[in-house]
Amino acid sequence: MTLTQQKDMSTTGQEITNPGFLEQFNSLNPAQSEAVSITEGPLLVLAGAGTGKTRVLTTRLAAILLSHKAWPSQVLAVTFTNKAAHEMRERIAKLIGGPADGLWLGTFHSICVRILRRHAELLGLQSSFTILDGDDQVRLIKQIIKAEEIDEKKYPPRTIGSIISRWKDRAQTPEKVSKPASDFEKVAYHIYPQYQERLRILNAVDFGDLILLCLKLFTENSDILAQYTTQFRYIMVDEYQDTNVAQYLWLRLLAQGSGNICCVGDDDQSIYGWRGAEVGNILRFEKDFPGAIIIRLEQNYRSNAHILGAASVLIAQNASRFGKTLWTAQTGGEKVRLRGVWDGEEEARFVGEEIEALHRKGESLNEMAILVRAGFQTREFEDRFITIGVPYKVIGGPRFYERLEIRDALAYMRIVNQPNDSLAFERIVNTPKRGIGTSTLQTLHQYGRMEEISLTEATLRLMETDEIRGKAKTALQGLLLDIGRWRKQLETLPHGEVARIILDESGYTKMWQQDKTPEAPGRLENLKEFVNAIDEFESLPAFLDHVSLVMENANSHGSEMVSIMTLHSAKGLEFNSVFLAGWEEGLFPHPRSLKEGGLEEERRLAYVGITRARERAFITFAANRRVHNQWQSSVPSRFVEELPSQHTERTNMGHSHSYKAPTPRVPKIESRGMPMRSSEERDFQVNQRIFHIKFGYGRVTGIEGDKLEIDFDHSGIKKVMKSFVESSE
């Protein structure tokens, strides 16, 4: 049935005759059409991956406007990104034949700014208030910490700011914050009211305030709330599963008027719990809005049947979900390919070969993506692509060797390798903080330019004078001694080991260990991967030459590039071919998430990754992975085991290649790319004495399928695959 046949759809009785709109509406599938046609009352549209949710949203909004159910100023449409808002605005303009002037369409923050500018005086602000960015917020908190004589090193301002922002996302004003638990929360609790008062004095707000102050405005001024609940006859929300508590409360207040709220989202794609998103908001929609209608969009227009089948079986393991099954009208298609590899190097080599093969067959590099769980995983792929000449780009962040912590670490390596590298010296001289001020650096620069010598040589000479005194002189003397000692160690120690020593003894690793910001753990992982990279080269100069090549080639590429990104960055994107790397226990699901009870969110992340693929998906896992600079035997992720056999093609699952086993008492690795033996040769017994090529001797303490739990003599208890173990009895 078309809209033109549904005379009762418009409260005004006006029929929609716009040709462009009717063409799109008539192309919708039954579920999409129903979601567009139901305009009154609460509606939840569960839109699975690739089911056309944006098409539904824009068509529904256009239908409301074209049927004269509401003027543009009476419709509120909320998105999460400016890009999404811009795309929706353009689509609506095409459907209705021109711009929808007056439409309240934008992000939560942009709409709240619009409201707050109108009523700022009721909140003790002027309408010209300033919105602070993250750096401004940190600077203001730093001032308060200093005034309160709190140890800034022990309680970094950025960490305190993150805690306050988290409270604001939960709609907690200073007086509503529950009893703080940790020492960091106690400091933040003490600072929070002072911070808010300083913001008021400065006539400023931060991003968390934009929604929090709107809530305050509505709850303390019933007449203002009534004005907006009366004005907004229709409310539409995109990506509802990503809303936090404050956004949820804000929407509930505004929906009190007409009750015509339509939320579109997918509980199976809620992957941002770490930044405040509450999947419970979408799961309790029916309770929050009695009489709500739920429509499931399950026809997928993106992926083939095997990809959808694998993803659907995987996500069905989650208990906290509405439940839906994606399907496609497509027939045929490739199965999801699961492949076990020996280590990260072989993984990168395999992915590189597959990409080259697909490219030779005519597939664009732009239609291929590598999705990883952690940022440090990108390094081996970047190095491999540089080697084989495949152009690539890192989405959602800089390339591995362009990251802040990696550039700092490189500067340390450069100054040890070449003491006259003034740029490297300048970068590390006060990183971490050594008490070397601006005036001291100016003195060094001035003397170096005057004598036409490097900063290192200038420092050496000035140490013999009184030009630099006190703490700065002591710090510089210590740094020069360290650099000299590290250079000497390169003559006798492996260069990878020296790199570890440099990062530890310089205090650089400790600096990030003490940093409590959300980015710090990732930076530490990247530094460990950085040392792993150095270990793979014959010398430190060879490694630095390689990095120079990487940086030189950063902009030397054509228009086509393979995309590399984390799984979190991939949401909303799609590619013909997707490579999902590192599906191993201890990496994915991520250990930190498991500690926080986030297994279901990790599984949703796996679901999002698989459903990015249109034609083919590859999942790889390594038997060995370098973690924290140590080789660890890995077992496939539990998510691999949850994937259905009818939709997957499995290779090297048990790593059962032909291999000559080493003699038990004299370990000898015949080939680094092969396991010791087939797991089917014979079974192991609990308490049996065994040998592993990396962990040495141990005793079996438990058996689970193809996996053994072994108490190693020197490495403790670990889980390993049977394939990599030999009896030593």
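Summary of values
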{"item": "Among (1) in contact with a Leu (Cβ under 7 Å, 6 or more places away or on another chain); (2) buried (at least 18 other Cβ atoms within 10 Å of the Cβ); (3) part of a helix (DSSP H, G or I); (4) not basic (Lys, Arg) - the single one Ile224 does not satisfy", "result": "(2)"}
{"item": "Output for the range 183-221, where each listed residue is outside any helix (DSSP H, G or I) and closer than 27 Å to Asn260 by Cα", "result": "Asn221"}
{"item": "Yes/no for Gln24 being touching a helix residue (DSSP H, G or I) at 6+ places or on another chain (Cβ under 9 Å) and either open to solvent by less than 20 Å² (accessible area, probe 1.4 Å) or under 14 Å from Val264 (Cα atoms) (or both)", "result": "no"}
{"item": "Test: residue in the range 114-125 that is assigned to a loop (DSSP other than H, G, I, E, B) and open to solvent by 10 Å² or more (accessible area, probe 1.4 Å)", "result": "yes"}
{"item": "Flag for Gly20 being at pLDDT below 95 and at positive phi", "result": "no"}
{"item": "Some residue of the range 126-141 being open to solvent by less than 30 Å² (accessible area, probe 1.4 Å) and within 23 Å of the chain's Cα centre (by Cα)", "result": "yes"}
{"item": "Near pairs, Cβ below 6 angstrom, 6+ apart or cross-chain, from the range 418-429 (among the hydrophobic types (A, V, I, L, M, F, W, C)) to any residue that is in a helix (DSSP H, G or I)", "result": "Ala424/Ala411; Ala424/Arg414; Ala424/Ile415; Phe425/Ile415; Phe425/Leu455; Phe425/Thr456; Ile428/Ala411; Ile428/Tyr412"}
{"item": "Some residue of the range 329-340 being at pLDDT below 95, polar (S, T, N, Q), in a loop (DSSP other than H, G, I, E, B) and under 23 Å from the mean Cα position of the chain (by Cα)", "result": "no"}
{"item": "Test: residue in the range 393-416 that is part of a strand (DSSP E or B) and either touching an Asp or Glu at 6+ places or on another chain (Cβ under 9 Å) or surrounded by fewer than 22 Cβ atoms within 10 Å (Cβ to Cβ) (or both)", "result": "yes"}
{"item": "Check on Ile282, part of a helix (DSSP H, G or I), under 23 Å from Met88 (Cβ atoms) and open to solvent by less than 40 Å² (accessible area, probe 1.4 Å)", "result": "yes"}
{"item": "Lone unmet requirement of (1) at pLDDT 95 or above; (2) under 23 Å from the mean Cα position of the chain (by Cα) for Asn281", "result": "(1)"}
{"item": "Spans of helices (runs of 4 or more DSSP H) in the range 449-520 with at least 3 residues touching a Ser or Thr at 6+ places or on another chain (Cβ under 9 Å) and open to solvent by less than 80 Å² (accessible area, probe 1.4 Å)", "result": "455-462, 470-489, 495-505"}
{"item": "Unique match (being crowded, with 16+ Cβ neighbours inside 10 Å, under 13 Å from Met413 (Cα atoms) and modelled with pLDDT under 85) among Val531, Val547", "result": "Val547"}
{"item": "Conditions (1) in contact (Cβ under 8 Å) with a residue 12 or more places away in the chain; (2) out of contact with any Cys (no Cβ under 7 Å at 6 or more places or on another chain); (3) not aliphatic (A, V, I, L, M): number failed by Arg284", "result": "(1)"}
{"item": "Flag for Leu213 being at pLDDT 90 or above, of a type outside the set (S, T, N, Q) and closer than 28 Å to Leu251 by Cα", "result": "yes"}
{"item": "Flag if Ile261 is in contact with a Leu (Cβ under 9 Å, 6 or more places away or on another chain) and buried (at least 23 other Cβ atoms within 10 Å of the Cβ)", "result": "yes"}
{"item": "Meets criteria (open to solvent by 20 Å² or more (accessible area, probe 1.4 Å) and either more than 24 Å from Thr59 (Cβ to Cβ) or in contact with a Ser or Thr (Cβ under 9 Å, 6 or more places away or on another chain) (or both)) for Ala311", "result": "no"}
{"item": "Meets criteria (out of contact with any helix residue (DSSP H, G or I) (no Cβ under 9 Å at 6 or more places or on another chain), modelled with pLDDT of 85 or more and not small (Gly, Ala, Ser)) for Glu585", "result": "no"}
{"item": "Residue satisfying all of: in the range 169-200; among the small types (Gly, Ala, Ser) and buried (at least 18 other Cβ atoms within 10 Å of the Cβ); nearest to Gly124 (Cα to Cα) among these", "result": "Ala171"}
{"item": "Filter result for Gln256 (outside any loop (DSSP other than H, G, I, E, B), at pLDDT below 95 and of a type outside the set (Gly, Ala, Ser))", "result": "no"}
{"item": "Neighbours by Cβ (under 6 Å, 6+ apart or cross-chain): first from the range 392-408, under 14 Å from Glu529 (Cα atoms); second part of a helix (DSSP H, G or I) and of a type in the set (Val, Ile, Thr)", "result": "Phe400/Thr378; Tyr401/Val547; Tyr401/Val550"}
{"item": "Flag for Ala357 being surrounded by fewer than 20 Cβ atoms within 10 Å (Cβ to Cβ), free of Cβ contacts under 8 Å to residues at least 60 places away in the same chain and under 25 Å from Trp583 (Cα atoms)", "result": "yes"}
{"item": "Where Ser303 falls short, out of the listed (1) at pLDDT 95 or above; (2) part of a loop (DSSP other than H, G, I, E, B); (3) open to solvent by 50 Å² or more (accessible area, probe 1.4 Å)", "result": "(3)"}
{"item": "Residue match in the range 507-523 (condition: more than 27 Å from the chain's Cα centre (by Cα) and more than 26 Å from Gly396 (Cα to Cα))", "result": "yes"}
{"item": "Condition broken by Ser577, with the remaining ones in (1) in contact (Cβ under 8 Å) with a residue 12 or more places away in the chain; (2) open to solvent by 40 Å² or more (accessible area, probe 1.4 Å) satisfied", "result": "(2)"}
{"item": "Criterion (closer than 15 Å to Leu140 by Cα and out of contact with any strand residue (DSSP E or B) (no Cβ under 6 Å at 6 or more places or on another chain)) met by exactly one of Pro156, Pro180", "result": "Pro156"}
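Listed here are the residues, each with its yes/no results for (1) more than 27 Å from the chain's Cα centre (by Cα); (2) within 30 Å of Arg200 (Cβ to Cβ); (3) in a helix (DSSP H, G or I).
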| site | (1), (2), (3) |
| --- | --- |
| Gly98 | yes, no, no |
| Gly106 | no, yes, no |
| His109 | no, yes, yes |
| Ile145 | yes, yes, yes |
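The values are calculated or read from the model by the stated rules, or taken from the named source; none is laboratory data. Here the structure is a predicted model, which means the values were calculated and not measured. Neighbour counts run over all protein chains shown; Cβ positions are idealised from the backbone, glycine included. With ligands, DNA and RNA removed, areas are computed over all heavy atoms of the protein, side chains included. Shrake-Rupley method; radii C 1.70, N 1.55, O 1.52, S 1.80 Å.
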